[in-house]
Amino acid sequence: MAEMGTLHDAFLDELRDTYDAEKQITKALPKMVKAAASPALRDALEAHLEETQHQVERLEQVFASLDEKATGKHCAGMAGIIEEGQSILEEDFDETTMDACLIAAAQRVEHYEMAAYGTLVSWARVMGHTEAADLLEETLDEEKAADATLSSIAKGGINQAAAEAADEGEGDEEADDEEEEEITAGPSKRTSRD
Ligand SMILES: [Fe+2]
């Protein structure tokens, strides 16, 4: 029977997963920066791209502190989150709605990372990997701050502007709304001759 894995093995596995996730993010963020209309949002995403590059290096320090080689293992979770985020870029949204959607996509990334680093920090602590834990906690704090910045940008005007753009567009959709009501009122009695 194969030897049973320990928490240390699981920890290394999660580290490799996170290392790969960070690398995926460094590739995805430039596309989001390009798609953002709000200068505040663009700046925040750009700053986080730079931060993410440092986080990759910090993970390399974590591996080194454990005498392990820095290797990644495909993170399917992050790949899925990024794929969903990229699909937004193909949508035909007005500028502010696109920005609101970019923030939503970026916050999904941040929350996934916060969950990953939260686990890594606490596992590192219980196993006595103090140096690794301290490094990982630095990144955890950065992810939380990035998430808070995105929230404040969204609530600081982008969501409101997107809602107003939706109101303005409502006039054009009135005809569609009427049709929708008919459908929801019950099965249509119309025949093809009507
Ligand atoms: Fe990150």
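Of the candidates Gly85, Gly5, the single residue that is open to solvent by 30 Å² or more (accessible area, probe 1.4 Å), of a type outside the set (Ser, Thr, Tyr) and either out of contact with any Ser or Thr (no Cβ under 7 Å at 6 or more places or on another chain) or part of a helix (DSSP H, G or I) (or both) is Gly5.
For the range 16-32, the candidate set comprises residues that are among the β-branched types (Val, Ile, Thr) and surrounded by 17 or more Cβ atoms within 10 Å (Cβ to Cβ); within that set, the residue that is farthest from the ligand (Cβ to nearest atom) is Thr18. Within the range 86-122, the set of residues being within 16 Å of Ile153 (Cα to Cα) and charged (D, E, K, R) comprises Glu95, Asp99, Arg108, Glu110.
More than 18 Å from Ser38 (Cβ to Cβ) and open to solvent by 50 Å² or more (accessible area, probe 1.4 Å), is that true of Asp134? The answer is yes for Asp134.
With respect to (1) under 19 Å from the mean Cα position of the chain (by Cα); (2) away from the ligand (no atom under 16 Å from the Cβ); (3) touching a residue at least 24 places away in the same chain (Cβ under 8 Å), the lone exception for His129 is condition (1).
When you look at Ala115, is it open to solvent by 50 Å² or more (accessible area, probe 1.4 Å), free of Cβ contacts under 8 Å to residues at least 40 places away in the same chain and either in contact with a strand residue (DSSP E or B) (Cβ under 8 Å, 6 or more places away or on another chain) or of a type in the set (A, V, I, L, M) (or both), yes or no? Yes; evaluated as a whole, the condition is true for this residue.
The values are calculated or read from the model by the stated rules, or taken from the named source; none is laboratory data. Note that this is a predicted model, so its numbers are computed, not measured. All Cβ positions, even for glycine, are placed from backbone atoms using ideal geometry, and neighbour counts span all protein chains on display. Accessible surface areas use protein heavy atoms only, side chains included; no ligands, DNA or RNA. Shrake-Rupley method; radii C 1.70, N 1.55, O 1.52, S 1.80 Å.
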